[in-house]
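The structure under discussion appears below in the form of structure tokens.
The values are calculated or read from the model by the stated rules, or taken from the named source; none is laboratory data. Computed from a predicted model, the values in this text were never measured in an experiment. When we count neighbours, we look across all protein chains shown, and the Cβ atoms used for this are built from the backbone with ideal geometry, even at glycine.
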Amino acid sequence: MVKNREICWMSATDLARQIRRKKISPVEVVKDLLEAIDQMNPQINAYVTVDADRALAAARKAEKAVMKGEELGPLHGIPLSIKDAAFTKGVRTTMGSKLMENFIPQEDSEFVARLKKAGAILLGKTNTPEFATVPYTENRLFGVTRNPWNPARSTGGSSGGAGAAVAAGLGPLASGNDVGGSIRIPSSCCGVFGIKPQYGRVPNYPIFHLWESMLHEGPITRTVPDAALMLEVMSGPHPGDRHSMIPPLGNLKGSLRKGVKGLKMAWSADLGFARVSREVQEICAKAARKFVILGAKVEEADPGFPNPEMCYVTIVNAELSAALSRFGTLEEIKDQLTPRLAERLKANQSLTALDYLQASFTRRELASTVAQFFEKYDLLLTPTIGVSAWPIDLPLGIVEEVDGMPVTPRGWLLTFPFNLTGQPAASIPAGWTKDGLPVGLQIVGRYNDEATIFRAAAAFEEAQPWAQEMPSFS
């Protein structure tokens, strides 16, 4: 058994405070988490690479800095996992694909370097589907990741390993990335907090092209303050990513104490197009009403845009196909790909430049409609996804029906429209189903306004805390 399992459930904010006060050693923290990973990861397969030796060496170095009274970064001694879709210097980065099975980067992604500079200690890499392309987490290299709340259920994806690690107490901080919901979907399925920041908030550098116009890097944590702490470190412009030249993030920690009194929020059960189960809708509607009790004004309203699924699919598929062409022609690489990805790339061959540009025009119209909507509202509340965590053994891996009604591959997701618009959006635990599975509430903010999302999420967390909830297996 882990010597001190309580340490594994402490928030990063509390750990940082205790480390500074010399009440807890970074070495003790890392040792306990590595022991927990060793015992529990085989059951859920959240981590695919554990960098134990370097983590312990970094912890010993961090401990010496504390004892010497050196200046400490905001994440000094705090353990961290990185999704296996971001570069980590000297640590294998596979993107869940046999095409990159033995790839070891020579440098960190910029946001990883920033987290390390702030004092965070890399424990290892978490699982992702091949090239983070589907909303569940399984690949040919490492297999399937299982939900800590019920190992027969999915974690969602594509940051499913990150969501599972945080939910299981295998590290307080995890990075994820989000192209159509890949931070928010696992956060909903695993009962944790995750935010897709404003597009460009966290720089994408060095460049590994998968999606030119929709990739968002962000935190997955058990608590809202931990995510604020992590995002403040990750964010900021970098000249290597022209999209990152946006206004500063501002003081997130200050926004956590402001409450929601005076905010005007819209509640939409389905965004006018998504299929949402009755149980999920009831849980999220109840959560939305909680904000009224907390002092906000909440009214039912839809942004009024048509289903953007085809627009999204056209853009994301065109960018994905262009990105993977670096490895060779489809004929040359198809045997190393999962069959579903190979089939997807084959279907994408019929896409034209005209298709892509027309979808881009539709995307601009969507952004305009949503911007007009947010002239009236501070925040938009919706279910994150239309279901709770689904059985892991579904034929296609993803939801095919909701309450007995068939759905399209993304017809149960309420996340991807806001990758098209680029504005920030988070998922908070709204409650649990009768089967004990978590359900997420999506909070969407105005362009460049993560602070108001954090303001609302922190108020909800204080009124209806979730971090004390632990999966029974752990």
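For the range 46-101, a residue qualifies if it is among the acidic types (Asp, Glu) and touching a helix residue (DSSP H, G or I) at 6+ places or on another chain (Cβ under 8 Å), and the qualifying residues are Glu63, Asp84.
Starting from the range 441-469, keep only residues that are farther than 21 Å from Ile385 by Cα, then list their pairs with residues that are in a loop (DSSP other than H, G, I, E, B) and among the charged types (D, E, K, R) whose Cβ atoms are within a distance under 6 Å, requiring at least 6 positions of separation or different chains. Close Cβ pairs satisfying both conditions: Thr452/Asp378; Arg455/Lys258. The single condition among (1) within 27 Å of Lys253 (Cα to Cα); (2) out of contact with any Ser or Thr (no Cβ under 7 Å at 6 or more places or on another chain); (3) of a type outside the set (A, V, I, L, M) that Lys31 does not satisfy is (1). Of all residues in the range 90-119, those that are touching a strand residue (DSSP E or B) at 6+ places or on another chain (Cβ under 8 Å), touching a residue at least 60 places away in the same chain (Cβ under 8 Å) and over 16 Å from Leu337 (Cβ atoms) total 5. Is it true that Thr421 is closer than 21 Å to Pro135 by Cβ and either in contact with a Pro (Cβ under 9 Å, 6 or more places away or on another chain) or among the hydroxyl-bearing types (Ser, Thr, Tyr) (or both)? For Thr421, the condition - closer than 21 Å to Pro135 by Cβ and either in contact with a Pro (Cβ under 9 Å, 6 or more places away or on another chain) or among the hydroxyl-bearing types (Ser, Thr, Tyr) (or both) - is met.
Table: residues versus (1) of a type in the set (A, V, I, L, M); (2) closer than 21 Å to Ala457 by Cβ.
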| site | (1), (2) |
| --- | --- |
| Cys189 | no, yes |
| Phe193 | no, yes |
| Gln198 | no, yes |
| Ile207 | yes, no |
| His216 | no, yes |
| Asp226 | no, yes |
| Leu231 | yes, yes |
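Looking at the range 143-227, the strands (runs of 3 or more DSSP E) lying wholly inside it that each contain 3 or more residues that are surrounded by fewer than 24 Cβ atoms within 10 Å (Cβ to Cβ) sit at 150-154. If you filter the range 400-412 down to residues that are closer than 18 Å to Thr314 by Cα and surrounded by fewer than 18 Cβ atoms within 10 Å (Cβ to Cβ), you find that the one that is farthest from the chain's Cα centre (by Cα) is Thr408.
Scanning the range 242-283 for residues that are of a type in the set (A, V, I, L, M, F, W, C), under 23 Å from the mean Cα position of the chain (by Cα) and more than 30 Å from Lys434 (Cα to Cα) gives Met245, Ile246, Leu249, Leu252, Leu256. Just checking, does the range 19-36 include any residue being basic (Lys, Arg), surrounded by fewer than 24 Cβ atoms within 10 Å (Cβ to Cβ), modelled with pLDDT of 95 or more and touching a His at 6+ places or on another chain (Cβ under 8 Å)? There is at least one residue in the range 19-36 that is basic (Lys, Arg), surrounded by fewer than 24 Cβ atoms within 10 Å (Cβ to Cβ), modelled with pLDDT of 95 or more and touching a His at 6+ places or on another chain (Cβ under 8 Å).
Of all the listed residues (Met95, Met40, Met67), the sole one being out of contact with any Phe, Trp or Tyr (no Cβ under 6 Å at 6 or more places or on another chain) and either surrounded by 14 or more Cβ atoms within 10 Å (Cβ to Cβ) or at positive phi (or both) is Met40.
Only residues that are closer than 26 Å to Val316 by Cβ, among the β-branched types (Val, Ile, Thr) and not in a loop (DSSP other than H, G, I, E, B) were counted across the range 120-142, and they come to 1. Residues in the range 287-339 that are aliphatic (A, V, I, L, M), under 23 Å from Ser97 (Cα atoms) and part of a helix (DSSP H, G or I): Val313, Ile315, Val316, Ala318, Leu320, Ala322, Ala323, Leu324, Leu330, Ile333. Criterion applied to Thr415, Thr452 was being touching a Gly at 6+ places or on another chain (Cβ under 9 Å), surrounded by 19 or more Cβ atoms within 10 Å (Cβ to Cβ), in a loop (DSSP other than H, G, I, E, B) and at negative phi, and the one residue passing it is Thr415. From the list Val50, Val91, the lone residue that is more than 30 Å from Pro409 (Cα to Cα) and out of contact with any Ser or Thr (no Cβ under 8 Å at 6 or more places or on another chain) is Val50. Quickly run through the range 346-399 and pick out the residues that are free of Cβ contacts under 8 Å to residues at least 60 places away in the same chain, buried (at least 20 other Cβ atoms within 10 Å of the Cβ) and not in a helix (DSSP H, G or I). Val399 - this is the single residue of the range 346-399 that is free of Cβ contacts under 8 Å to residues at least 60 places away in the same chain, buried (at least 20 other Cβ atoms within 10 Å of the Cβ) and not in a helix (DSSP H, G or I).
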